[in-house]
Amino acid sequence: MSRAKYIFVTGGVTSSLGKGIIAASLAKLLQAQNFRVTIQKFDPYINVDPGTLNPYEHGECYVTDDGAETDLDLGHYERFLNVNTSQANNVTTGRVYQSVIEKERQGKFLGKTVQVIPHITNEIKERMCLLGNTGEYDIVITEIGGTVGDIESLPYIESVRQLIWDLGRENALVIHLTLIPYLAAAGELKTKPTQHSVKTLMESGISADIIVCRTEHDLSEDLKEKLALFCNVKPEAIIESIDVDTIYDVPIKMLAEGLDKVVLNKLKLKPKKPLDLSSWEAFLKKYKNPKHKVKIGLIGKYVELQDSYKSILESLIHAGAINEIEVDVVSIHSEHITDSTVALELNNLEGIIVAPGFGERGIEGKIKAIAYARENKIPFLGICLGMQMAVIEYARNKVGLTHANSTEMNPNCEHPVIDLMESQKSIINKGGTMRLGAWDCHLETESLAHQVYGTNKISERHRHRYEFNNEYFSKVFDTDFKVAGTNPETGLVEIVENKKHPWFVGVQFHPEYKSTVSNPHPLFTAFIKASLLHQNNSQK
Ligand code: GLN
């Protein structure tokens, strides 16, 4: 049996309470006491992974080094903890069923009737213990997606019940995150929804050990005692999670509430060293006391939903904080950028990011924005589709290939400067088949990228099917527009730069997946610096 201790995080009352942030914050506090912690997320939907989901459904799809397309909460885990996650850290109902059905087809169940209990629950339990069994972790935090009482989460809740029994109460605990609504008319915080949701959990045989209460107002001692009485926990196990300005404040709040102490007590663990959050606090101090402010345009087609570009927004926070610069992000819908609006939309920006994306919608607006950034010497960072559009913009407007395009947008275009990768041409299935995960990139010594990274060999995460078409290499690239990075094995173009411009970089990969609080990404850091410089120069 596993050597690790397990913490399960469930949610009640409503979705979107921020289980991922609570899990990541607790992990941070435990990590700050030298525990080796990992976090995993179990999602109750039937998609095998979120790779095929539209960002409007669950926000951004996060990508790990090993090429897993995962829930965006894994991004929070990596950003808080500065440790890598992997395929094993995110499991969906689809994946669980897929694997059970495969085993059934292989005859592995020896003629038995395959059922939710025990076959699906066994598969879930096995996956829940996978990381804990490696011996690499002292504590595994498992977040159960959805809300208790949902039909879809039942097999997970049942698996947690069985696992707690298998592991023993000293080795596993349940944190239940709920909402304490405030009724403005009555001027009161209400505990009833929490009581009901704890009861729902109990009906499934699980008693919560700790209740974390999301609230807009402070919980009084009386209210905590009342909750404790109704929910079978000690008052100190009622943890207030009050709304804060930034998610990065949550570990500090959880520390003040003593969440880590209650957890360690319950798990009969002693801190491995006195808690040290000094670097986290130093980050917060810089983040909250900026000396400058820059306005960055984020141009994409999913801008209505902030979660669509979560990692980019967080990377900008990290890069801003380290430079003591407040980054004011202006989200601009690429469909709103036309010849008549482009100057109006972009003229007061100090930096422009063109976001990743798929499909034709809004791409002409992206190309216009890139032309504007190039001509007006505004710092530009094009990510994945953003880099591909930067290539098309240059090919059309500077090289004279008027009909240059990507075959993703127009399969029969005259100049397919961006085309499907050779290895992609025979692929029919959409799920998990892109060029995914970490790939090496060799940087040219004379490049801006080399200067930014301070090395000539980097590894970055990818998620794309199309690439720069090397047949157009000598036509598109010239002394101004240059390739700054390539994949050493395949020769795929990874980074393009414009030498006639103070800061113009397009990257085929996603730097945003690797920025963390303690390790802000050099590209974002340099981009924000360049944006401040642009501001200073324009004010002269
Ligand atoms: N749609 C483009 C491709 O598949 C870009 C993908 C992206 O931006 N992540 O290559």
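The values are calculated or read from the model by the stated rules, or taken from the named source; none is laboratory data. This structure is a prediction, so every number in the text was calculated from the model and none was measured. When we count neighbours, we look across all protein chains shown, and the Cβ atoms used for this are built from the backbone with ideal geometry, even at glycine. Just the protein is used for accessible areas: all its heavy atoms, side chains included, with ligands, DNA and RNA removed. Shrake-Rupley method; radii C 1.70, N 1.55, O 1.52, S 1.80 Å.
Taken as a whole, the structure places residue 516 among residues that are closer than 20 Å to residue 68 by Cβ, away from the ligand (no atom under 15 Å from the Cβ) and not in a strand (DSSP E or B). Give the residues of segment 354-383 that are touching a residue at least 40 places away in the same chain (Cβ under 8 Å), open to solvent by 10 Å² or more (accessible area, probe 1.4 Å) and more than 14 Å from the ligand (Cβ to nearest atom), sorted by residue number. Of everything in segment 354-383, those that are touching a residue at least 40 places away in the same chain (Cβ under 8 Å), open to solvent by 10 Å² or more (accessible area, probe 1.4 Å) and more than 14 Å from the ligand (Cβ to nearest atom) turn out to be 374, 377. Does any residue of segment 437-453 turn out to be within 12 Å of the ligand (Cβ to nearest atom), within 23 Å of residue 309 (Cα to Cα) and surrounded by 19 or more Cβ atoms within 10 Å (Cβ to Cβ)? No; the residues of segment 437-453 include none that is within 12 Å of the ligand (Cβ to nearest atom), within 23 Å of residue 309 (Cα to Cα) and surrounded by 19 or more Cβ atoms within 10 Å (Cβ to Cβ). Within this structure, residue 529 fails the test of being open to solvent by 30 Å² or more (accessible area, probe 1.4 Å) and over 30 Å from residue 78 (Cβ atoms). Hey, does segment 384-394 have a residue that's open to solvent by less than 10 Å² (accessible area, probe 1.4 Å), more than 16 Å from the ligand (Cβ to nearest atom) and at pLDDT 95 or above? Scanning segment 384-394 turns up at least one residue that is open to solvent by less than 10 Å² (accessible area, probe 1.4 Å), more than 16 Å from the ligand (Cβ to nearest atom) and at pLDDT 95 or above. Based on what the data block shows, is residue 417 more than 14 Å from the ligand (Cβ to nearest atom), crowded, with 21+ Cβ neighbours inside 10 Å and more than 24 Å from residue 521 (Cβ to Cβ)? When the stated conditions are applied, residue 417 does not pass them. Of everything in segment 1-24 that is out of contact with any His (no Cβ under 9 Å at 6 or more places or on another chain) and among the polar types (S, T, N, Q), the residue that is surrounded by the most Cβ atoms within 10 Å (Cβ to Cβ) is 2. Taken as a whole, the condition of being within 23 Å of residue 387 (Cβ to Cβ), touching a strand residue (DSSP E or B) at 6+ places or on another chain (Cβ under 6 Å), crowded, with 17+ Cβ neighbours inside 10 Å and in contact (Cβ under 8 Å) with a residue 24 or more places away in the chain applies to residue 296.
Pairs meeting the criteria (first residue in segment 385-405 and over 13 Å from residue 366 (Cα atoms), second residue in a helix (DSSP H, G or I) and of a type in the set (D, E, K, R), beta carbons under 8 Å, at least 6 apart or on different chains) are 395/475; 399/475; 401/475; 402/396; 403/396; 404/396.
Residue pairs whose Cβ atoms lie under 9 Å apart, separated by 6 or more positions or on different chains, with the first residue in segment 39-68 and farther than 13 Å from residue 431 by Cα and outside any strand (DSSP E or B) and the second open to solvent by less than 10 Å² (accessible area, probe 1.4 Å) and basic (Lys, Arg), are 64/461; 65/461.
Just the residues that are closer than 26 Å to residue 125 by Cβ and buried (at least 21 other Cβ atoms within 10 Å of the Cβ), please, taken from segment 36-67. Correct list: 37, 38, 39, 40, 41, 42, 43, 49, 50, 62, 64. On the stretch given as segment 130-183, residues that are in a helix (DSSP H, G or I) and more than 19 Å from residue 116 (Cβ to Cβ) total 5. Listed here are the helices (runs of 4 or more DSSP H) enclosed by segment 219-314 that have at least 2 residues being closer than 28 Å to residue 461 by Cβ: 250-257, 278-288.
Among the residues of segment 101-129, those that are open to solvent by 50 Å² or more (accessible area, probe 1.4 Å) and either part of a loop (DSSP other than H, G, I, E, B) or among the acidic types (Asp, Glu) (or both) comprise 102, 104, 106, 108, 110, 111, 112, 113, 114, 115, 126. Of everything in segment 488-513, what is more than 16 Å from the ligand (Cβ to nearest atom) and buried (at least 18 other Cβ atoms within 10 Å of the Cβ)? Give them in sequence order. Once the filter is applied, which keeps residues that are more than 16 Å from the ligand (Cβ to nearest atom) and buried (at least 18 other Cβ atoms within 10 Å of the Cβ), segment 488-513 yields 497, 498, 501, 503, 504.
One residue is enough: does segment 466-487 have a residue meeting the conditions over 18 Å from residue 389 (Cα atoms), within 16 Å of the ligand (Cβ to nearest atom) and either open to solvent by 10 Å² or more (accessible area, probe 1.4 Å) or assigned to a strand (DSSP E or B) (or both)? Checking segment 466-487: not a single residue is over 18 Å from residue 389 (Cα atoms), within 16 Å of the ligand (Cβ to nearest atom) and either open to solvent by 10 Å² or more (accessible area, probe 1.4 Å) or assigned to a strand (DSSP E or B) (or both).
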